[in-house]
Amino acid sequence: MKSLLDTLRPELLDPSAQALVDDLQWWSMPELGVKDPFPVSVVGEGEPLLLLHGFDSSFLEYRRMAPLLSERFQLFIPDLFGFGFSPRPMEASYGPDAVLAHLDALLQRMPAQPVGVIGASMGGSVAVEMARRQPERIHALLLLAPAGLTGRPMPVPPLLDRLGAWFLARPGVRKSLCRQAFADPDADVGAPEEQIASLHLQCPGWADALAAFARSGGFSGCGTPLPQQPLHVIWGANDRILRAPQKQAAAAILKDGVEEFDACGHLPHIDQPQRVADRCLTWFQAIASAA
């Protein structure tokens, strides 16, 4: 995948995405049984902060947040296992267990100190699962429009899983989903946003890995019980991906520590990166002061 990103980098329309690619490192994790290395963008200096992207996305999701946080934190922004520009060997298993095993291996290679985690959309559920698995390593969570905290796994049957991957690859569908994620798509969605939303589909094995993940049932019902670490949630008031019933069900679990940003969609870190970055800084500073 490194050669693919090297080829694509000059074609990126968003300079912030180019900068994040420039900071990309490739980490070998042979314990996962995968010979090819995994991409991790490492940016800035300071306390370690792990940033997790959402479903069918990539590390480029944090292109606007990274420069706003890099003076205070050392950011580690991986592609989740089976997503983004990560390797996708045909013999591998794809699902929550593989995603979490990859992140366990990644944590072992990060600085040996408590780590803060930001998780967006499905990455929010991944962050919660990580926090329960590794309470000694993860000290606080900031979740951005988290998906999968409630409900139950619903594995997609064979054939339908591949049909779903085919459908998600259609250019018109990609464009529609990209626009749906923003509060004001007419003003905020252009060629750079649409390009980044689809760029990783060029990776070999994208459709097979996505179909396998769908067959696993994905991340669902991850909010019960909540982990012991401090946790804060930001919703977008204009989120058209997570509907009101889903928010209400998640709010019943989360109770305190939830705030809503006006004029914000399903991607607060892209819709309002400065506001989210400011909240991130105050949140993690407050946790550090209380420790």
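The values are calculated or read from the model by the stated rules, or taken from the named source; none is laboratory data. This structure is a prediction, so every number in the text was calculated from the model and none was measured. Methodologically, a virtual Cβ is constructed for each residue, glycine included, from the backbone with ideal geometry; neighbour enumeration extends over all protein chains shown.
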* Select from the stretch 208-243 the residues that are among the polar types (S, T, N, Q), over 17 Å from the mean Cα position of the chain (by Cα) and more than 26 Å from residue 272 (Cα to Cα) and list them in ascending order. => 216, 224, 228
* **Selection count where residues are part of a helix (DSSP H, G or I) and surrounded by fewer than 17 Cβ atoms within 10 Å (Cβ to Cβ), scope the stretch 276-291** => 8
* Asked: What are the residues in the stretch 87-105 that are among the hydrophobic types (A, V, I, L, M, F, W, C), modelled with pLDDT of 95 or more and under 29 Å from residue 194 (Cα atoms), if any?
  -> 98, 99, 100, 103
* **Filter result for residue 10 (over 22 Å from residue 130 (Cα atoms), surrounded by fewer than 18 Cβ atoms within 10 Å (Cβ to Cβ) and free of Cβ contacts under 8 Å to residues at least 40 places away in the same chain)** => yes
* To do: Go over the candidates 267, 281 one by one and state the one that is under 27 Å from residue 70 (Cβ atoms), in contact with a Ser or Thr (Cβ under 9 Å, 6 or more places away or on another chain) and of a type outside the set (S, T, N, Q).
  => 267
* Can you tell me which residue in the stretch 236-272 is surrounded by the most Cβ atoms within 10 Å (Cβ to Cβ), limited to those that are within 15 Å of residue 283 (Cβ to Cβ) and in contact (Cβ under 8 Å) with a residue 40 or more places away in the chain? -> 269
* Asked: What number of residues in the stretch 57-78 are of a type in the set (D, E, K, R), touching a residue at least 40 places away in the same chain (Cβ under 8 Å) and surrounded by fewer than 22 Cβ atoms within 10 Å (Cβ to Cβ)?
  -> 2
* Asked: Looking at this structure, is residue 93 of a type outside the set (A, V, I, L, M, F, W, C), under 17 Å from the mean Cα position of the chain (by Cα) and either under 21 Å from residue 287 (Cα atoms) or in a loop (DSSP other than H, G, I, E, B) (or both)?
  -> no
* Asked: Among the residues of the stretch 118-133, is there at least one that is farther than 25 Å from residue 66 by Cα and in contact with an Asp or Glu (Cβ under 8 Å, 6 or more places away or on another chain)?
  -> yes
* Among what's in the stretch 79-102 and is acidic (Asp, Glu) and more than 17 Å from residue 134 (Cα to Cα), pick the residue that is surrounded by the most Cβ atoms within 10 Å (Cβ to Cβ). => 79
* If you take just the helices (runs of 4 or more DSSP H) that sit entirely in the stretch 127-208, which of them hold at least 1 residues that are without any contact (Cβ under 8 Å) to a residue 12 or more places away in the chain? -> 160-168, 171-180, 185-188
* In this structure, does residue 112 turn out to be within 23 Å of residue 230 (Cβ to Cβ) and assigned to a loop (DSSP other than H, G, I, E, B)? -> yes
